[in-house]
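First the structure, in the form of structure tokens, and then the observations on it.
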Amino acid sequence: MIKNDNINFCFRCYHTWVKRKKNSPKFCPKCKSPYWNKPRRKVSKQFVLKMKEMIVSIHDAIIKLSGGELGLRDEGGVYNSTYKLLKHQDKNREKPISIGAFALNEFAKRHYFVDGNKRTAYVVAKIFMLINKCHLKLEYSEAVKFILEIAKYESKLSFDDIRDWLNNSCILIGEKDVESYLKNVLVNLVVGDEEDEED
């Protein structure tokens, strides 16, 4: 459970909230789950759908913030990649860099959206790493060249290459810092440096 003296974190819906009582709450105030402080052992269809919608919302927010064309090309593909990412996360809770590498590899290579695929891959990777207490220090403008290499048709970059690149650009963060980092992910993105490359 990602938690300090003031913050609780729900493993079911990823909601964070300020702790007001000494004892842990029985339910998550958002999703009402009594298992909010226990990592999932099995990824349910309902949870995959919820996370898929979150990823689509992230994409839409990026487009509105930085420009581009809204639109979803392959909803089933987003669902499938979300499921695989959640399964990978469950098996690699102690390896946040591996989770980030999986997210980048999965979403940058596949063009599920009309525009903003690489930006979405970057933000999804960053958020999933933060949830697992690891901060990708690079801003998007610094990471875009490498992400373009991942996204190339028949890219020669392997999963290990992506993981090694992330490993050189990450720091582990304390539990108390997770919420503040998450709040600033979209705000701190520098998204104007795509060098007119098409997504």
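Annotation note: of 97, 63, the sole residue that is assigned by TED's automatic domain parsing to the domain that holds residue 160 and either among the basic types (Lys, Arg) or within 13 Å of the chain's Cα centre (by Cα) (or both) is 97.
Under 20 Å from the mean Cα position of the chain (by Cα), surrounded by fewer than 18 Cβ atoms within 10 Å (Cβ to Cβ) and assigned to a loop (DSSP other than H, G, I, E, B): does that describe residue 39? So that I can check it myself, show each step before the final result.
On the way: under 20 Å from the mean Cα position of the chain (by Cα): yes; surrounded by fewer than 18 Cβ atoms within 10 Å (Cβ to Cβ): yes; assigned to a loop (DSSP other than H, G, I, E, B): yes.
Spelling it out, residue 39 is indeed under 20 Å from the mean Cα position of the chain (by Cα), surrounded by fewer than 18 Cβ atoms within 10 Å (Cβ to Cβ) and assigned to a loop (DSSP other than H, G, I, E, B).
What are the residues in region 88-115 that are surrounded by 17 or more Cβ atoms within 10 Å (Cβ to Cβ), within 23 Å of residue 39 (Cα to Cα), touching a residue at least 24 places away in the same chain (Cβ under 8 Å) and not hydrophobic (A, V, I, L, M, F, W, C), if any? Of everything in region 88-115, those that are surrounded by 17 or more Cβ atoms within 10 Å (Cβ to Cβ), within 23 Å of residue 39 (Cα to Cα), touching a residue at least 24 places away in the same chain (Cβ under 8 Å) and not hydrophobic (A, V, I, L, M, F, W, C) turn out to be 89, 96, 98, 100, 106. Restricting 143, 151, 103 to residues that are modelled with pLDDT of 95 or more and out of contact with any Ser or Thr (no Cβ under 7 Å at 6 or more places or on another chain) narrows the list to 103. Scanning region 61-79 for residues that are in a helix (DSSP H, G or I), charged (D, E, K, R) and touching a Phe, Trp or Tyr at 6+ places or on another chain (Cβ under 9 Å) yields one hit, 75.
The values are calculated or read from the model by the stated rules, or taken from the named source; none is laboratory data. Predicted model only: the values in this text are computed from it and were never measured. Glycine also receives a Cβ, built like all others from the backbone with ideal geometry; neighbour counts cover every protein chain displayed.
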